[in-house]
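Written out below as structure tokens is the structure these notes cover.
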Amino acid sequence: MIRYPLNVSAQLRRRDARRTPLSRARLARRLGARRGYTLIELMLTLAIVGVLTAIAIPMLVSYQLRSKAAEGATNIAAIQKAAEAYYAEYSVYVSAMPATPATVGTTKQPWGVAPGAAHGFNAMGYVPEGQVYFQYGVTSDGSTAYTIGARSDLDGDGVYRTWGYVKPSGDTAAGVVGPFLTCPATGVLDPTSLIPNLFNTVGPCDVSSSASAY
């Protein structure tokens, strides 16, 4: 520890006493200057938030549409199993028309077939779990071929998008035109060639109905 003469120590204390108020004032001014944001900083922040929002909202909407579109493929697969179970017992494929529910849009609709009604879906024992976004129907040749169709207007643009499943008669290249006239007898869309020529698989009926539309 350094010991100063009394007169030197007193001088140092007086000097520190003079400097302390000045140092505190400077510190207060510096802290006060940092309490707010400049107009430029606020504008930059708002611009960044706007850009992120413009990117995130369309991605979220697209994700929601794809999630809703998955309903169609899931229910078509379930209808196909019900149709095959009916065929195993009665040796015939049954049509399920008119398509149900009567209308579809951006919100779910009640299943339009009442229990016990004379409808193909009741005959094959198919009922979806709850309300649906898609309109469903089945056309058959009355014996060995059928096509399942599911169409929707998930984005509310007035343009239907249709998924389907085409079961041809035997091993021939002839099926049945779907219930909405969008799934041809030649099959559902091949994602590679973009030609509707796939049998016995669930898929979009045309390019505009594919998942890439969302």
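The values are calculated or read from the model by the stated rules, or taken from the named source; none is laboratory data. It should be emphasised that the depicted structure is a prediction, and the values quoted were computed from it without experimental measurement. Here Cβ is always computed from backbone atoms with ideal geometry, including for glycine, and neighbour counts include all displayed protein chains.
For the stretch 146-175, taking the residues that are more than 22 Å from Pro110 (Cα to Cα) and touching a Lys or Arg at 6+ places or on another chain (Cβ under 8 Å), the one that is modelled with the lowest pLDDT is identified as Gly175. The residue that is surrounded by the fewest Cβ atoms within 10 Å (Cβ to Cβ), among those in the stretch 148-163 that are farther than 23 Å from Ala185 by Cα and touching a helix residue (DSSP H, G or I) at 6+ places or on another chain (Cβ under 8 Å), is Asp155.
Okay, residues lined up against (1) modelled with pLDDT of 85 or more; (2) assigned to a loop (DSSP other than H, G, I, E, B); (3) of a type outside the set (A, V, I, L, M, F, W, C):
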| residue | (1), (2), (3) |
| --- | --- |
| Tyr4 | no, yes, yes |
| Asn7 | no, no, yes |
| Arg26 | no, no, yes |
| Ile55 | no, no, no |
| Thr74 | yes, no, yes |
| Ala83 | yes, no, no |
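Note on the stretch 103-157: residues that are aromatic (Phe, Trp, Tyr), assigned to a loop (DSSP other than H, G, I, E, B) and more than 15 Å from Thr74 (Cα to Cα) total 1. When residues in the stretch 164-179 are screened for being surrounded by fewer than 19 Cβ atoms within 10 Å (Cβ to Cβ) and touching a residue at least 12 places away in the same chain (Cβ under 8 Å), 5 of them pass.
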